[in-house]
Structures are given as structure tokens and as C-alpha cells.
Amino acid sequence: MKTFFYLLVLLVSSPMLLAQPLRFAWQNQIPLKINGQALDLAWAGGLNAPQFSTLDLNQDGKADLVVFDRSNGKLYTFLVFLVNGQARYQYAPQYENFFPTDLKGWILLRDYDGDGRKDIFTHTNLGIRVFRNQTLAGQYPAWQLVAEPLMTQGYRGLVNLQVNIMDVPALADVDGDGDLDIVSFDFATGSWLEWHKNESVEQFGNREHLVFRRESSCWGGLIEGATCGAFSFGYECEVPGNGGGGGNPDNRILHVGSTLALHDVNGDGLLDALIGDVACPEVYLMYNVGTLKKARFESVSTAFPDSKALQFSTFPALFFEDVDADGKADLLAAPNLFVNEGNQIDFENSVWYYKNESDSQVPDFVFQSQDFLQSQMLDVGEQAFPALADDDGDGDLDLFVGQKGRLQAGRLVARLMRFENTGTAQNPVFEKTHDDWLGLSAELAQDFKLFFQDLNGDQSLDAGWVFTQNGQTQVQYFPNQAPRGQAFRFEPQQRENLPLTLQAGDFPHFFDWDGDGDLDALVGRRLGGLAYYENTGTAFVLQQEGMGQIQNHAFARLLTPIVADLDGDGLSDLLTGDAGGKLRFYANARHQPAPTWTASMDIFENAAREDFIPENLGTAIFPALGDLNGDQKPDLVVGLATGGLRIAYNQTDGFFADPAQTEIPGLYVFPNPADSFIYLRYHEAMRVQLSDGTGKMLGKPMAVEAGKEATLDVRGWPPGTYLLRIEVPGQPIFHRKILLNP
């Protein structure tokens, strides 16, 4: 039975703690298991539409992986190491911040200058930009921009080498002269293959230059039609000396959006062409039956590879890289999408891997899996929405993850997944227990975002969920039937609607903003603004749009707010995630008198740079907070658009600092800061008493039974910093800083 504690005291408010710079450090070693199997890359963040290149990141002589996810606009770095001769990968985000920013469209790493270090080729609005690798021995990667845009000599003079942002070009030594050429679909029609020959060797006798000339505007005599698999052959367009002009013979319907990979598939020394097309599921293989100087294609096949023909829902892209560390190029395939148009792609299983098992010059690509790297990640497909709560009452936080949806009978159907903390409150270990927690997939809804709040005022945390159904965003909750501190209990047939009208794509966060004892709503707008709704008791009433001058903005869409004291100064802060992949921290937002709140983003530790920096986490991020390591600081779990999670521990110095305060493993004091009730529990019997900021004891001591929860009612207490004195028989006296009504 709970013990209720009432105090008749003189309350003396004390000054707020001084704010400390907010600091987070990424954690990648927290164990996570699915079906009993520990995942090596659990917190890498998931993959949707990745592009693959290799690069020796740590200079150990082995080819590591650099992955750019087209849909998320984010780069990932993985180190390779060998275990019993088998390649294993380790997520190594410390390298990511050494790459150029604002990467978009496509990225391919190729060594154009022959110095043994791969350089970056990527998209720019003007075509292609190139970064030369200038990494020094024993140092982190370093780059120099050497071309933006990359130029080529056309038949009308020097022009920028344009590549449609929907395309992926091929970078390879087409004519065997030792330097890197470029083959891409023409920018105007998307029907012809253009060969841009690199003349660095011819003009300078080395590979160090990027000197291109359009050698052919219908390379291989190939033209692509408007429908899947519609290729024609035998066209002649080369004009010696100027590259010719393809035009648009027969006034064909233009087909824009293609990927191109060049690889010697049959071992004859010539590069064959493999093409993927927008809205087409197959890969089109065309064998090169020409010469090094003049390619020629005569037929097309979709039976590639032999072991299992590639068959995507739409728009495959191919990458030939050695990913098993055996010295032979393997094959990876992934969708070349910015968004999952028509919800056709299963983004939990979107990376096909074929191992090259050949012992000759003719590759033998043997199918291995449809979830390369993804099988070792927490990856729920699209848009992971995390939440934390101790739902089983064992004193540590469990993990819950919602999602945009999973393909089911041709439509996306969202579900909630549960991961039990089988470790401790100080050292979490998460293990998946439910793939469809509460059976909510039966709702046939999308965009499940879970949160835990006392929504009906009975002192127990309820389970609320935001979801989209028939184009409408709604909020419902399941009332928790169990007393606070015990395992949650829900009745599936009992649910309540919250009277909050939302626009499609809005994200609400519930917090007592006006300090009147009930939960109000801060709503992040789909277009980027922040709105405040007051809880009037019967409805949530809109009071203000654009709070803190957080207005609609193209790079801050899908705004997701969360309120807590993150820096330990006793005042409520605001943290937002957005579609620009940025986390913004607004210190003391609830107490800011100024109309414009100032955001800080340099809150993440980068040990390699020995500094704190902003992070680019992709195109949409969804933060959640909870103390994962028992230090009384709110740690950060971030859901990514690619369906995975990142976790960061709060490293803020001086958080609730007090020389008398000592950490007590297993002591449960929640919430802290508090505005209504404080709940206390410890595995041994104890006596507790509060004092004010001057050290004056307040009221009488309270006895707390071993393993039982006691409740302290602090409603109406003045804001301030208090000290909880804890006496356990046979142990020294402990203290815990308590912040009230921040």
C-alpha cells in the first residue's frame, strides 16, 4: 500500500542552479538482441536506399565501408575486421564528420589521381563536384574541393558535365588507358549514354587531372525508350573530334531517371552495362561486344545474376565492391529512391547482397541475403519513433519503437515494437519481446508515435499514441489500470481520444506549460512551426502559433518537440528534431521572456575532433528522453527516417551538482524535476526528509518500506532546489538533489 506524505512547513525557495553547456556523447555499445541474437550494428540508424563505396578509413590496409543513404541524405561509415576469416562490420560514426557536408543525390568514391586514396564524386545542382582525398598517414580523412562543377569539352565548347539528380552515373576506365572516365545518361532526354573521356594520361602523362571530352553521345549505340525494357541498338552518332550529338530519333517519349553500373560480367576485358530504371523492377544487362575504343551493345537480358535474378519493386541501383574482404568485388543492390513513392519498397529488407565466389576473371555472384547490414541493425523500415518507460515495474527503462508502417497486402501498416531492458538501470541490455505491442497493427494505421504520460490524472503513466488514419492525425491513449510503480496493465477495449485537433504530419508533446497542474500540448507542425495548445479541462485550445519565433521553414519541417530540464539548471528546456536532420536545444524555453528563442546545436561530443559539434542525422529525426544509465540525467534516443535509432548519454557537467550528493544504485526517485508528485522506492527500508536550499529541515522524517513505493505530494510548492536526506540503517547518510516546479 502506498504511503502518502504531507508536510506542514515553511518553504524557502532557493536560487536555480547555474546552467551548464548541454553535452551528449553517442553510445554504440549498448547490447540489443533480437531472437536471442546480439546485433553488431544495433544503433547505426537503419538503411533505406543506400549507395556503397569502400575506403580504408582507419588505414589498417583493409577496405572499410562508406555508405550514403539517398533517401535520408546521410553518410555512414563502417570499419571492417576479420573474425575467423569472416568479415564483420563495426559502426564508426566518428569518421562521418570528416566528410564534406551537404552531400546529396549520389556519392561514389574512386581514385582518379592514382595516389591510392579514393576521392569523392557527388552531385551538385550544376552537375558533378569532386573532392580530392588529402588524408595524411595516421590522420582522419581530409578532403579538398577540386571541381564544382566538373567540366567537359563538348562540340560547342567547354560545358559543365550535367547529371540528373535522379540518376547514378558510372565512373570507370572505359578505354583502358589508365585514367577515370565518366558514362552517364544525357541530361536533356535521359535516353542516350554519353561517354566523357578523361584525357589526363594523353595530355599530361599521368592520372592527376580531370580533363574530360565528350567522346560519344550515344555510347554503345544504345537508346532507351519510355517503357521498362524498351531499348534499341545500332545507333551511330560519333563525330570524330567533337563528340557528335544524339538528338532524339523518331521523337521517342523521354525516360528520365536511370542508374548505370559498368562491370566486366563475362570476363572478356570489356565493361558491360547494367541499367536500372525509375518505376522498373528489373536490372537490364547488356554485354559489350565492341572494343575498348568503341563499345557496342546488341541485346538486353534481365536474368542477372544467375543465382537469383534481381527483382526490386522499383528502380534498382548496383554497386560492385569487395565487402567480404577476400579481394574480389561483390555485388550490392538497393533502391535508388528519395521517397517510397506508392509505398512499394520494404525498407526493412532493401539491400540485396551477392558474394563473388569465382576463382577466375569471370565473376560468380551468389545470392546471400536481402538485408545486408540491415540484419545487424535495429531497423523498423521507415521513420522510427522511440519511447522509454518502465512498463514491467522492475526499476529500469524499457524501449518502445513505432514506425511509419510495414508492407502488408500492398499497404503500409504500422505497429509498435517492445524491447525489454534485461540489464539494469545503470547498464541497459535491450531484447525484443513484442513485434506488435498492444496489437495495434489491427488498426491499419500509419505513423505510430508512442508516448507515456499520466493523461487521466490517476498518478499512473498511460500509453498514448499518435497515428495517421485515412489522412487524419489523431491522438488516443490506453488508461493504465495498474498503480504507479507496478507493471502496466491495459484493457485492449478501453481507449480514450484526446480532444486535440491536429493537421496531418503534426507531432504533439504533452507538458504542463502554464503550470496549472494539467498537461498542455506543444505541437510541432508538419511545415516546421511550433504551436501551443492550452488544456482547458474539456479541450485543447490553440493559444499561439510560432512560439519562440519557431516558424514554418523548409528545412525544419516535421518538427518534433520535447520539454525537460536537459542541462540540470532546474528550468525547463526545449529540444526539437526536424526534417533537416538537426537537433536544436532551446535553454530555459519555458522561462524565456524574449519573443525569439535562441537555439544551440553544438551539443554532441566528437572525440576525434576534441570538440562538441552539431550533427546531421538525416532528413527526419524524432527524439525521446530517459535516464538510461542511472545518473539522473535525461539521455537521448533519436529515431531516424531510415528506421533505426541512435543513443547518446547526457554528459553535461555539474548536472544537479552538490558536494553532498552521492549516487545510490537502485534508488528510485522520479520524476526529477517534479511538479506534482515525487515517487520513492528502494530495495531496503529507509527514512527520508527534505531540506531547503539553506539546509533547514522541512517537516518530519518519513519511513519508506523496503521495496515499496512512497508518494510525496509537492503540488503548490514554490519552485526551487531542495535536498532529499536519505537514511538507510547501517549505511552512511545519502543526499539527492530535488528540483520542484521548474
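The values are calculated or read from the model by the stated rules, or taken from the named source; none is laboratory data. Please read these numbers as outputs of a predicted model, since none were measured by experiment. Neighbour counts run over all protein chains shown; Cβ positions are idealised from the backbone, glycine included. Protein only, heavy atoms only, side chains kept; ligands, DNA and RNA dropped before computing areas. Shrake-Rupley method; radii C 1.70, N 1.55, O 1.52, S 1.80 Å.
Inter-label distance, GLU684 to GLU491: 4.2 nm, where each label sits 7 Å from its Cα along the C-beta direction. If you take the square roots of the eigenvalues of the alpha-carbon gyration tensor of the stretch 594-643 and sort them as a ≥ b ≥ c, do you get rounded (a/c under 1.5), prolate (a/b over b/c) or oblate? Rounded, since a/c falls under 1.5.
What a 1.4 Å probe finds exposed on the stretch 370-465 is 43% carbon and sulfur by accessible area, rounded to a whole percent. Measure up LYS33/LYS74; LYS404/LYS582; LYS74/LYS293 against 28 Å on the Cα-Cα distance and list the ones that go over. Over 28 Å apart, Cα to Cα: LYS74/LYS293. Residues whose amide H falls under 5 Å from that of VAL413, counting only those 5 or more places apart or on a different chain, are ARG406, LEU407, GLN408, with hydrogens built in the peptide plane. Give me the extension gain from ASP602 to THR433: residue separation times 0.36 nm, minus the current Cα-Cα distance, reported in nm with one decimal. So the chain would gain 57.3 nm between ASP602 and THR433. Report the Cα centroid-to-centroid distance between the stretch 454-500 and the stretch 577-607 in angstrom, as an integer. One Cα centre to the other: 29 Å. Taking the stretch 257-288 and a reference point 7 angstrom along Cα→Cβ of GLN361, the backbone N atoms nearer than 20 Å belong to 262-274, 286-288. For the pair the stretch 82-126 / the stretch 51-69, the C-alpha centres are spaced 5 Å from each other. The mean accessible area for residues of the chain, using a 1.4 Å probe and ignoring ligands and nucleic acids, is 39 Å² per residue. The H on the amide N of GLU215, modeled in the peptide plane, is under 5 Å from the matching H of TRP195, HIS196, LYS197, each at least 5 residues off or on a different chain. Here the stretch 612-643 and the stretch 140-204 have alpha carbon centers that stand 40 Å from each other.
Residues whose amide H lies under 5 Å from that of GLN651, counting only those 5 or more places away or on a different chain, are ARG23, PHE24, ALA25; hydrogens are built 1.01 Å from N in the peptide plane. Under the shape rule built on the C-alpha gyration tensor, where the axes satisfy a ≥ b ≥ c, the stretch 255-331 is oblate, since a/c reaches at least 1.5 while a/b does not exceed b/c. Here the accessible area of the stretch 701-741 is 56 percent carbon and sulfur, with a 1.4 angstrom probe and all protein chains present.
If R0 equals 35 Å, the separation of the Cβ atoms of ASN349 and ILE165 corresponds to a calculated FRET efficiency of about 0.85. Residues of the stretch 22-53 with the amide nitrogen closer than 18 Å to a label point 7 Å from the Cα of ASP60, along Cα-to-Cβ, please. Correct set: 28-29, 40-42. Taking 0.36 nm per residue of sequence separation and removing the Cα-Cα distance, the LYS700/HIS591 pair yields an extension gain of 36.0 nm.
For the stretch 38-48, putting each phi into the Karplus relation 6.51 cos²θ - 1.76 cosθ + 1.60 with θ = phi - 60° gives couplings of 6, 9, 5, 10, 3, 10, 7, x, x, 9, 10 Hz, in residue order, rounded to whole numbers and with x for Gly and Pro.
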